[in-house]
1. Students often get this wrong, so check it: of K388/K436; K253/K292; K157/K239, which have C-alpha atoms separated by over 26 Å?
2. Between V398 and D604, what is the spin-label point distance in nm, taking each point 7 Å from the Cα along the Cα→C-beta axis?
3. Loop-only GluC sites (Glu not before Pro) in the range 459-523, please: DSSP not H, G, I, E or B, and at most 16 other Cβ atoms within 10 Å.
4. So which aspartates and glutamates pass the test for K553, namely a Cα distance under 13 Å, with those fewer than 8 places away in the same chain ruled out?
5. Enter the accessible area per residue of the range 278-414 (Å², integer; probe 1.4 Å; all protein chains in place).
6. Report in % the part of the accessible area of the range 407-534 that belongs to carbon and sulfur, leaving out ligands and nucleic acids; probe 1.4 Å.
7. Whole Å is fine, so just give me how far the alpha carbon centre of the range 587-648 lies from that of the range 426-458.
8. Among V329, M301, I383, which residue has its Cα furthest toward the positive end of the charge dipole of the range 291-389, with +1 on Lys/Arg Cβ and -1 on Asp/Glu Cβ?
Amino acid sequence: MIYNQQNQNNHGGRKFIPKRNPSFGQNHSTTHHTNSGSFSATTHVVNTNTKSFVAENLNRPETLLANQTKKKLIFVRKSPTHNNTNQNNPQKHTVKKHGVRKVTSEVATKKEQVIPALAEGNIRIIPLGGVEGIGQNMTAIEYGDDIIVIDAGIQFKTEETPGIDYILPNTKYLEQRKGKIRGLVITHGHLDHIGAIPFVMESLGNCPIYTREFGALLIKKRQSEFPHLPELNIKMIDKNTDFLPIGTNLKIKFFGITHAIPDSAGVIIATPHGDIVCTGDVRVDNTNGTPKEKEFEQYKMFKDRKVLLLMMDSTGIEKPGWGISEDLVISTIDNIVKNVTGRIIIATFSSQVERILHFIRMSEKYGKKLVIEGRSMKNNVEIIKFLKLADTKHIIDVKDMHDYPPHKLMILSTGAQGEEFAGLMRMSNNTHKEIKLNKTDTIILSSSVIPGNERAVADLKDNLYRHDSKIITYTDTDVHAGGHGKRSELEWIHRQIPYKFFMPYHGHHYMLKMHAELSMNIGTPKENIIVPDNGSVVEIVENGSKIKMLKEKAPSGIVMVDGFSVGDVQEVVIRDRQMLAQDGMFVIIASIDVNLGKLKKSPDIISRGFVYLKESQDLLKNTRIIIKRTIEEGAIGKPINFDMLKDAITDNVSRYLFQETAKKPMVIPVVIGV
């Protein structure tokens, strides 16, 4: 279900979608076979030798198959006869679309701001996600009748969104201008940049997707989990491709940057007034603070470009200095692997594909068989196999590892963040079917702790240490380098790109403010810097001479994926979950004689997560007295107003329970007239 907390119109209802296909590539006609599935489809490739796209039938992992039989799945939602929580909500409009029931609140229509039409010659930039947190990245660039969208990522759930699967960018602004969208440009294949694609492509008019090769394969791999969706129009851009026209007035070009995944790229959008440069996620590979030669090569092109606006990743801005080199990380881990006498287990982010490549080569170098654990890790290794980025003949199935002595084994696993069902966590709590830890194991956690995961990682380390294994983390030695540049790295990039205006993105608001201060400190005028929120409408006006932020905002209410269904509902759903998690629920079931207005019997009470009922008999006795008195005072006249009666029971019981326990459980009265 997708919820929009601002409850905005047009797409306000719930659109039910089938569950993702858990197995990749099943039941499809195929041309290329691997251990995890089969691939076949049509992809468009752009290279330097032609200005037009050439459709080639490539034997690459594809997300959707042209010959796949489409099945129409319709889910029917029954309306409840009573909905006490939403009784006071305004009436809602119901729209039928493709067999899907869509509901939009009248309040949403009134809240939505009217954004002025884009004046001729102006450039509009709207961050639709990614500037008030980590993830959910999406930015729209608009000029004339053309819109280019940069990235479409997810953000994972937070403590404020219990039970949610993902948080998405709000695409309402784009839905209303679907005919102007010329393409979705992807900077790289991490989920915070591609994860929303299955959920938003219809809103974007199923426009072409422009990306580099590795990103294209990851998009296709993910899309295969949604076999009911239309085929994606993916256009792979060669790294040497010159500026490519997208629409009437805009051109795009990728340029190389350093990150944690192959084919990471920044994007240049050439406009009639100058270039808009989006770095995507970026760091600077360096040795003791000296950038490597490849970094100078990647940015030297900007010396001859007129850069109007720079948009840069802000995730690492609060960390001073330079990050350690990825070469140092690999060298450190290589030395550990060379000297261990038992089995070695390395846990890292599956998104650290460059590092995974080194681990694959490292295991071969020291004559070790390699076991891959974790679904996302296996998916990325399958792409590595397909592209032949490394020799994978020494990779074995986990069930075959018992045929080899421990010192001949390396295990590469997910789970360094303490995820409940990830490979390393299952090893640590003895629930893994094949891998049992022992005191001769050496375990490397090649990752930092993501904010919010501290407790989960601490629990993981507790479990690991109970096995008396040797544990090595990034706090012990140099076994991890982040994929986002620290402050000095970002400053170096600023000095390589001579820009007029600056807008930081990708990070929390305080990170963007710190990045803006860095830009001012190196000479950018304050009036040339914009720090946006999600939905801020930024315009470059007067032929590229000024930048401003409009007072109007594009729809930016939080949008969530929750289970099968997609749509908008009010904040009440999330509030209810938070309340249940905090103080539990208290259900009252009462039968009333509708003729006498009296209780037929003592009301039944069910409680979960509130108090232990067997030890709270006095509380229950007094609660029943309050319920009896409330019903007898409220069940007056015929017919009995059950809605008003239930509200009175809720208020009186909630007040009493709070007085006695200082807790506010969700009180749910069920009143039955007999």
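1. Where the Cα-Cα span goes over 26 Å, the pairs concerned are K388/K436; K157/K239.
2. Each label point lies 7 Å from its Cα, and together they span 4.3 nm.
3. When the GluC sites (Glu not before Pro) of the range 459-523 are filtered for loop state and at most 16 Cβ neighbours within 10 Å, nothing remains.
4. Hits, sequence-local ones excluded: E112, D533, E539.
5. 42 Å²
6. Carbon-and-sulfur percentage of accessible area, whole number: 48.
7. 50 Å
8. Of the candidates, I383 comes out farthest on the positive side.
The values are calculated or read from the model by the stated rules, or taken from the named source; none is laboratory data. Here the structure is a predicted model, which is why all the values come from computation and not from measurement. Backbone-built Cβ (ideal geometry, glycine too); neighbour counts: all protein chains shown. Surface accessibility is based on the protein's heavy atoms, side chains included, excluding ligands, DNA and RNA. Shrake-Rupley method; radii C 1.70, N 1.55, O 1.52, S 1.80 Å.
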